[in-house]
1. Do we find a residue being over 12 Å from V401 (Cα atoms) and either within 25 Å of the chain's Cα centre (by Cα) or loosely packed, with under 13 Cβ neighbours inside 10 Å (or both) anywhere in region 340-348?
2. Being in contact (Cβ under 8 Å) with a residue 24 or more places away in the chain, outside any helix (DSSP H, G or I), open to solvent by less than 60 Å² (accessible area, probe 1.4 Å) and not aliphatic (A, V, I, L, M): is that true of T67 here?
3. Filter region 373-402 for residues that are under 21 Å from the mean Cα position of the chain (by Cα) and closer than 19 Å to A38 by Cβ and give the result.
4. So, in region 239-271, of the ones that are within 15 Å of C281 (Cα to Cα) and part of a loop (DSSP other than H, G, I, E, B), which residue ends up most open to solvent (accessible area, probe 1.4 Å)?
5. Limited to region 393-416, what total is found for residues that are outside any loop (DSSP other than H, G, I, E, B) and either closer than 10 Å to V380 by Cα or touching a residue at least 60 places away in the same chain (Cβ under 8 Å) (or both)?
6. Name the residues in region 103-118 that are over 9 Å from V276 (Cβ atoms) and over 20 Å from the mean Cα position of the chain (by Cα), would you?
7. Within 18 Å of the chain's Cα centre (by Cα), surrounded by fewer than 17 Cβ atoms within 10 Å (Cβ to Cβ) and modelled with pLDDT under 90: which single residue out of G174, G168, G147 fits that description?
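The values are calculated or read from the model by the stated rules, or taken from the named source; none is laboratory data. This structure is a prediction, so every number in the text was calculated from the model and none was measured. In this analysis, Cβ positions are derived from the backbone assuming ideal geometry, glycine residues included, and neighbour counts consider all displayed protein chains. We work out accessible area using only protein heavy atoms, side chains counted, and drop any ligands, DNA or RNA first. Shrake-Rupley method; radii C 1.70, N 1.55, O 1.52, S 1.80 Å.
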Amino acid sequence: MRIAVVGGGGREHALLATLAQSADVERLFALPGNAGTAALAENVPGLAATDTAGLAGFAEEHRIDLTIIGPEQPLVAGVADEFLDRGLPVFGPTAAAARIEGSKAFAKEVMAAAGVPTARSESFTDPVAAVAALDDFGPPWVAAGKGVTVTANHAAARAAVEAALVGGVHGEAGATILLEEHLEGPEASVFAVTDGRTVLPLAPARDHKRVGDGDTGPNTGGMGAFSPLPDVDDDLVEQVRRTVLEPTVAELARRGARYQGLLYAGLVLTADGPRVLEFNCRFGDPETQVILPRMTSDLADLAWAAAEGTLSGCKVSWDPRACVTVVLAAGGYPGSYRTGLEVEGLQAAAARPGVHLFHAGTALDPGGRVRTAGGRVLAVTALGDDLADAREQAYQAAGLVRFGGVHYRRDIAAGPP
């Protein structure tokens with residue numbers, strides 16, 4: 001197969017590295033890719049991830065057998081629809097199905113119809129009504145508009161509501177905000193490959209969102225992750241498949257939105273069982289960087305079966321070892337940061353046994369040197385006999401990588417779940 005992967009982050013590098021192990025893969029393309037993917041695939045930097053016609057045209061011109069769409073934005077923008085309209089195999093849901101991530105209000109509506117366990121919520125378009133309802137939902141308050149605000153401060157919750165709904169610089173006509181109850185418990189990410197009928201869960205993972213040790217500081221795109229989870233066994237994954245993933249896929253199909261691709265359930269493990277915090281319509285980042293290194297099944301075959309509607313009967317197998325990834329970030333991230341800094345020590349880190357370096361925000365300069373090109377620069381990933389071993393290997397490798405201002409959390413996968 002000739003496979004193209006849309007995106008240029010650590011998730012896409014991990015996808016390409018796993019696809020490259022398949023005996024069925026002849027050639028790989030990264031659209032646009034990064035400095036790391038260049039060693040595995042032909043980078044194609046000229047196409048935007050949301051250029052629906054351009055991406056489909058590329059697939060036709062280069063005889064691509066399967067296109068895997070990594071990020072959310074092209075899925076919500078309807079890139080998969082364009083591929084399907086042209087009869088091109090694609091791994092990723094249509095825009096109608098991708099609303100499960102693009103609209104939290106829509107996701108809540110689907111979950112209510114499907115009987116999926118989640119937090120109690122209510123959507124608002126009127127700021128006065130939303131502010132009046134705050135006392136019914138907190139403290140702490142969870143307010144989801146364009147982003148998500150979680151706060152124990154009433155004034156901050158009110159400000160989030162008004163920023164989303166009040167006209168002016170921030171508010172937009174027709175905007176909606178969702179207030180929901182705060183769920184207590186550890187979080188878990190459970191991915192599933194689906195063709196719209198069969199739902200095949202993958203190994204669970206947990207990510208660390210806040211920038212600082214001890215879950216302090218602002219939220220980021222993810223500072224690290226680990227798999228497997230000590231508090232999520234096979235029985236719990238099966239429960240999630242039965243009560244969350246399958247009913248959601250079935251409800252979307254009932255609405256005429258067949259879901260093919262990767263469905264990600266972000267869960268809170270409450271005292272009353274798992275509850276859905278959010279859905280994503282694609283592989284998560286950085287969880288993908290710890291799930292795929294543990295997969296011993298052929299990812300190309302699974303993705304092809306999902307795209308072709310033939311997933312029934314497929315199985316997925318796993319390396320019993322644990323995996324930990326540590327994200328190396330640019331100085332200042334998640335605020336402003338510099339780019340163009342040379343990254344050193346990559347060869348020494350990659351030479352360590354069980355270590356994978358997944359590039360995220362990197363680019364090659366004209367001299368072939370790797371330089372920073374984003375906030376999250378590198379995901380240093382390691383397999384180990386258990387979480388403690390994998391964690392030690394990941395941090396030893398991370399310590400070998402150098403660039404100006406580099407910072408990373410020192411407590412990924414440390415302590416109780």
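1. Of the residues in region 340-348, the ones over 12 Å from V401 (Cα atoms) are 340-341.
Among the residues that remain, those that are also either within 25 Å of the chain's Cα centre (by Cα) or loosely packed, with under 13 Cβ neighbours inside 10 Å (or both) are: 340.
Looking for residues that are over 12 Å from V401 (Cα atoms) and either within 25 Å of the chain's Cα centre (by Cα) or loosely packed, with under 13 Cβ neighbours inside 10 Å (or both), one finds at least one in region 340-348, hence yes.
2. On the way: in contact (Cβ under 8 Å) with a residue 24 or more places away in the chain: yes; outside any helix (DSSP H, G or I): yes; open to solvent by less than 60 Å² (accessible area, probe 1.4 Å): yes; not aliphatic (A, V, I, L, M): yes.
So T67 passes the test.
3. A373, G374, R376, V377, L378, A379, V380, T381
4. So, considering only residues that are within 15 Å of C281 (Cα to Cα) and part of a loop (DSSP other than H, G, I, E, B), the one most open to solvent (accessible area, probe 1.4 Å) is R258.
5. Kept after step one, since they are outside any loop (DSSP other than H, G, I, E, B), are these residues of region 393-416: 393-398, 402, 407.
Still in the running and either closer than 10 Å to V380 by Cα or touching a residue at least 60 places away in the same chain (Cβ under 8 Å) (or both): 393-398, 407.
The number of residues fulfilling the criteria is 7.
6. E109, V110, A112, A113, A114, G115
7. Values: G174 fails: within 18 Å of the chain's Cα centre (by Cα); G168 fails: within 18 Å of the chain's Cα centre (by Cα).
Being within 18 Å of the chain's Cα centre (by Cα), surrounded by fewer than 17 Cβ atoms within 10 Å (Cβ to Cβ) and modelled with pLDDT under 90 holds for just one of G174, G168, G147, which is G147.
Every residue, every condition in (1) crowded, with 24+ Cβ neighbours inside 10 Å; (2) in a helix (DSSP H, G or I), yes or no:
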site: N34; (1), (2): yes, no
site: P45; (1), (2): no, no
site: R63; (1), (2): no, no
site: R99; (1), (2): no, yes
site: A113; (1), (2): no, yes
